[in-house]
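**Student:** First the structure, which I've put down as structure tokens, then a few questions once you've had a look.
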Amino acid sequence: MSQPPSFDSLRLAVVDGDVDQAAALAAQALAAGMDPLEIIERGFSEGIREVGELWEEGEYFLPELIQGAEAMQAAMDVLRPALEGGAGGSEPIGRVVIGTVQGDLHDIGKSLVGTLLAAHGFEVHDLGADVPVEAFVERARRTGARIVAASALLTTTMPVQKRLVDALAAAGLEVRVMVGGAPTSPAWAAEIGAHHAENAQRAVELARELSA
Ligand code: B1M
């Protein structure tokens, strides 16, 4: 078994925006038997958070933000099959429609949540990013999904989560809405009549509770 890379080296590959290094370290970490979720949460996610901070402080500019996101995506591409290794074959325990709300292009966290839900036995309909409220409603109606999960990473797109809750109610659909993303909180979710998950693992637990 190969030597496990340090979490710090995973973090640095994203901070440096080094796509090849991020992919290579992700593969090395898997080969060394590290847990894929831990590789993301304690390694690469720390890096992308730091990139965001450096951008906010004016140390990094948009090209570095994009480069960091590309390194993160490269690592996720390597790790995804290991995350998906779960439930295959059996009856789904529930259906979930998931997407990032309209106006918001941040899809790394949303995709991680979708992948983990699928790995834990949910049938997941991932609509991608920048998804209009109507598209969530239409897909929930068509699939009979009981959970609609909406991610928002921008304070300016959080209100779309509320519009989604209202639109699903207006359409008469009996669905539970799960919201998440860095600026969201349990208080925000309660205010708009939704449920909150702070990370991907909690999203799986919450989806199980909501489907029970
Ligand atoms: Co942007 N961005 N970005 N960005 N970006 C943030 C969000 C920001 C906080 C950076 C900062 O200032 N520190 C800031 C928002 C400020 C605010 O609104 N208050 C910001 C900004 C301003 C912008 C632009 C406006 C920049 C510009 O163009 N001037 C622009 C907006 C574009 C748009 O969306 N319309 C923009 C663009 C981008 C990139 C395209 C370059 C890139 C995204 C690439 C992509 O996603 N494909 C990007 C990135 C990478 C970030 C940061 C650095 C990292 C986000 C990320 O992927 N995190 C981010 C800083 C930060 O979040 N600290 C930032 C890793 C991911 C695993 O975590 O997404 O939080 P996260 O998901 C977690 C949990 O939140 C939760 O589970 C996940 C796993 O644990 N979760 C859910 C997420 N969704 C969930 C859904 C659920 C449940 C849980 O159920 C439904």
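Every read-out reported here was derived from the displayed coordinates using simple, explicitly stated rules and does not represent laboratory data. This structure is a prediction, so every number in the text was calculated from the model and none was measured. No Cβ is skipped: glycine too gets one built from the backbone with ideal geometry, and neighbour counts run over all protein chains shown.
**Student:** Taking θ as phi - 60°, what are the ³J(HN,Hα) couplings along the range 158-166 by the Karplus curve (6.51, -1.76, 1.60), each to the nearest whole Hz, with x for Gly and Pro?
**Tutor:** 3, x, 5, 4, 5, 4, 5, 4, 5
**Student:** How would you classify the chain from its alpha-carbon gyration tensor, with a ≥ b ≥ c the square roots of the eigenvalues: rounded for a/c under 1.5, else prolate if a/b is greater than b/c, otherwise oblate?
**Tutor:** It is oblate, given that a/c is not under 1.5 and a/b is not larger than b/c.
**Student:** Near the amide H of F122, under 5 Å away, which other amide H atoms are found, from residues 5 or more places off or on another chain, if H is placed in the peptide plane?
**Tutor:** I93
**Student:** What's the extension gain from E134 to E174 if we count 0.36 nm per residue and subtract their Cα-Cα distance?
**Tutor:** Result: 12.8 nm gained on full extension.
**Student:** Using each residue's phi in the range 171-188, evaluate 6.51 cos²θ - 1.76 cosθ + 1.60 at θ = phi - 60° and report the 3J(HN,Hα) Karplus result to the nearest Hz, with x for Gly and Pro.
**Tutor:** Per residue, the Karplus-derived 3J(HN,Hα) values read 7, x, 8, 8, 10, 9, 10, 10, 10, x, x, 3, x, 7, 8, x, 5, 4 Hz.
**Student:** Still on this structure, I have one more. N199 to D8: extension gain in nm, 0.36 nm per residue of separation minus the Cα-Cα distance?
**Tutor:** Once the chain is fully extended between N199 and D8, it gains 66.7 nm.
**Student:** Of Q3, L83, L65, which is farthest along the charge dipole of the chain in the positive direction, counting Lys and Arg as +1 and Asp and Glu as -1 at C-beta?
**Tutor:** Ranked along the dipole, the leading option is L83.
**Student:** I need the peptides 134-144, 14-24 ranked by packing, meaning the mean over residues of other C-beta atoms within 10 angstrom, with the highest value on top.
**Tutor:** Packing order, densest peptide first, comes out as 14-24, 134-144.
**Student:** Under the rule a/c < 1.5 gives rounded, and otherwise a/b versus b/c splits prolate from oblate, where does the range 123-212 land using the Cα gyration tensor?
**Tutor:** Rounded is the answer for the range 123-212, as its axis ratio a/c remains below 1.5.
**Student:** Then there is this: Sort 51-64, 145-158, 115-128, 188-201 for me by packing, meaning the mean count of neighbouring Cβ atoms within 10 Å per residue, highest on top.
**Tutor:** 145-158, 115-128, 188-201, 51-64
**Student:** Each residue of the range 123-129 in turn: what ³J(HN,Hα) in whole Hz from Karplus with 6.51, -1.76, 1.60 and θ = phi - 60°, glycine and Pro shown as x?
**Tutor:** Taking θ as phi minus 60°, the curve returns 7, 10, 9, 8, 8, x, 10 Hz for the range 123-129.
**Student:** Using modelled backbone amide H atoms (1.01 Å from N, in-plane), which distant-in-sequence or interchain residues come within less than 5 Å of M178's amide H?
**Tutor:** V148, A149, A150, H195
**Student:** Check which residues have an amide H placed less than 5 Å from T100's amide H, if you skip close sequence neighbours.
**Tutor:** Distant-sequence amide H within range of T100: G128, A129, D130, V131, S151.
**Student:** Separate question: On a full-extension model of 0.36 nm per residue, what is the gain between E123 and W55, subtracting their alpha-carbon distance, rounded to one decimal in nm?
**Tutor:** Gain on stretching E123 to W55: 20.9 nm.
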